[in-house]
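Below you'll find the structure, written out as structure tokens, and then a few comments.
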Amino acid sequence: MNLARRISENAAKRPDKTALVFEGVPYTYAAFDHEVERYAAALSSLGIGTGDRVALQLPKRVEFLFLHFATLSLGAITLPLNSDYRAEEVAYFLSDSGSSLFVTDRERFARVADALTGLGALRVLLADGNEGSAAGSLGAALANAPTDFRRPYDAVGDDTAMICYTSGTTGRSKGAMITHRNLVANLLSLQEAWQWTDRDVLLHVLPLFHVHGLNVATHGSLHAGGTLIMDEKFEPRRAWEALERERCTLLMAVPTVYQRLMSEWEALERKPDLGRMRVFISGSAPLSDNLFHRFEAATGFRILERYGMTETGMNTSNLIDPAGRVAKSVGYPLPGVAIRVVGPDGADVRPGDVGEVWIRGDNVFKGYWEMPEKTAESFAGAWFRSGDLGYQDPADGGRLFLVGRGKELIITGGYNVYPKEIENVLESHEAVKEAAVIGLPDEDFGEKVVAFVAPKEGTDLPPEAELIALCRGKLAGYKCPKQIHPIPALPRNAMGKIQKNRLTGLSD
């Protein structure tokens, strides 16, 4: 059940097949596996072993993958860090996790070095040479590694494989402990649901430090025996060209990427041949109704939206049959995953009513690192309390729709308001590209509904009164925004999720 071992066994079955093409350089499964073993030997020679935490903060490069799978094969734990994290953030993650080794590059080390002075037991390796630096060199560690080393695969099943920190929009970031069982169980579910096989070629356009880009796209392709096409940076025109040239069958992306792809599509004089494509998949942030239909009208492909989170991997998915995909829905539970929609009393709500989504399955993490109280709060028996609000359509086999985070729920005048419902109405206006709705303190109502809207390119937003009238025509009065603020673009994190906590100060 060690994920790295399963990938290595895949390599033994298909040594000459291309596993990865990075910036045009191909790696067969045998070559990829050889590099992982070489990196594992280097890490082992530095004393890395079972349970040690190895933090990786690198740009998108193939060494990240060699280090990650090498870490797992030693029974150690990977800590993937956003390549844009600043010194204070990095120092917190390294200290909180008790990491033994930090692998980064010279640019990032120069940015964080002063903040690491209190972490005396931490070793640092630089992936691009250490000239003039007090840190060690990854190249030197590889050169000095034993050549007869064999990977022990000491961690299996419920042993922790990764610690993935949550975004921490409120309070201290929590490290979700993801086990080998979690990773493998989720990959088996996705292979079944998406009919993922060794014939698939996936264009990889996501960061490697994130669950979507690493645990789903990368792990999934290598576990299925497929091929990854990967470049360091995402460029829309280059992506369209690669889909045709590499005869790709899969693309996984976030809505922001799909927006950029669509803008580029409209500028292309010759549209790419997508005859080999099986499915375009979206996640990590809600896909708007507009973008769903716009993409299908342009390309002929109906995007498959799914629902996942750091703590659970993937939970639900629309069907692989395009007819079974519905805009704004995240589909049905994956094989091996169960969901409930639960009210404040802990009982299931009536079919069709909104409640908190609870999740159970081998995909669910085992808890937050060094936070037993937070772990206990997040579970009700075997059920993980996601904090996401949604409802299941009783007329469509229990199809799941999400309406927002529980913490985003607005209570105005005693009525519950779900931001997504209002955002959908505002985004139906031809001039509105995207909208975000929050609740702000109000003396009379407790909270008032406030919206932020961004225009489509080359378009002027209509007057506030027109947008409020649009809402009043489609929503109950208490749901309608009291104020609507124009904004050039909504603030987002690296994976395209809207950071609503940053909107509060923009309403003054």
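The values are calculated or read from the model by the stated rules, or taken from the named source; none is laboratory data. Quick caveat, the model's predicted, so the values are computed rather than measured. When we count neighbours, we look across all protein chains shown, and the Cβ atoms used for this are built from the backbone with ideal geometry, even at glycine.
Observations
- Residue match in the range 442-455 (condition: out of contact with any strand residue (DSSP E or B) (no Cβ under 8 Å at 6 or more places or on another chain) and surrounded by fewer than 17 Cβ atoms within 10 Å (Cβ to Cβ)): yes
- Pairs are defined by a Cβ separation below 6 Å, a sequence spacing of at least 6 or placement on different chains, a first member in the range 308-321 that is under 17 Å from HIS210 (Cβ atoms), and a second member that is of a type in the set (Ser, Thr, Tyr); the pairs so defined are THR310/THR166; ASN315/TYR307.
- If you go through the range 443-478 and keep only what is out of contact with any helix residue (DSSP H, G or I) (no Cβ under 9 Å at 6 or more places or on another chain), more than 19 Å from GLY404 (Cα to Cα) and touching a residue at least 40 places away in the same chain (Cβ under 8 Å), you end up with nothing.
- Residues that are aliphatic (A, V, I, L, M) and over 16 Å from THR312 (Cβ atoms) were ranked within the range 361-380; the one that is surrounded by the most Cβ atoms within 10 Å (Cβ to Cβ) is MET371.
- Of the residues making up the range 388-415, those that are closer than 18 Å to ALA436 by Cβ and not aliphatic (A, V, I, L, M) are ASP388, GLY404, ARG405, GLY406, LYS407, GLU408, THR412.
- Within the range 366-417, the set of residues being within 19 Å of the chain's Cα centre (by Cα), under 22 Å from SER97 (Cα atoms) and not in a loop (DSSP other than H, G, I, E, B) comprises TYR368 only.
- Breaking point among (1) of a type outside the set (Lys, Arg); (2) out of contact with any Ser or Thr (no Cβ under 7 Å at 6 or more places or on another chain); (3) closer than 27 Å to MET1 by Cα, for PRO344: (3)
- Taking (1) in contact with a helix residue (DSSP H, G or I) (Cβ under 9 Å, 6 or more places away or on another chain); (2) over 17 Å from PRO80 (Cβ atoms) in turn, ALA242 satisfies each apart from (1).
- Options LEU222, LEU251, LEU190, LEU202: the member that is modelled with pLDDT of 95 or more, buried (at least 23 other Cβ atoms within 10 Å of the Cβ), assigned by TED's automatic domain parsing to the domain that holds GLY313 and over 28 Å from ASN290 (Cα atoms): LEU222
- Test: residue in the range 422-436 that is over 19 Å from GLN259 (Cβ atoms) and not in a loop (DSSP other than H, G, I, E, B): yes
- Any chance PHE301 is crowded, with 20+ Cβ neighbours inside 10 Å and either touching a residue at least 24 places away in the same chain (Cβ under 8 Å) or not aromatic (Phe, Trp, Tyr) (or both): no
- Counting only strands (runs of 3 or more DSSP E) that fall entirely inside the range 284-365 and contain at least 1 residues that are under 15 Å from TRP194 (Cβ atoms) and modelled with pLDDT of 95 or more, the qualifying elements are 304-309, 313-317, 329-333, 337-342.
- Residue list for the range 473-487, filter: small (Gly, Ala, Ser) and over 17 Å from ASN424 (Cβ atoms): GLY477
- Filter pass, ALA140 being at pLDDT below 95 and either surrounded by 15 or more Cβ atoms within 10 Å (Cβ to Cβ) or of a type outside the set (Val, Ile, Thr) (or both): no
- Candidates SER95, SER73, SER45: the one that is touching a helix residue (DSSP H, G or I) at 6+ places or on another chain (Cβ under 8 Å), among the polar types (S, T, N, Q) and surrounded by fewer than 17 Cβ atoms within 10 Å (Cβ to Cβ) is SER45.
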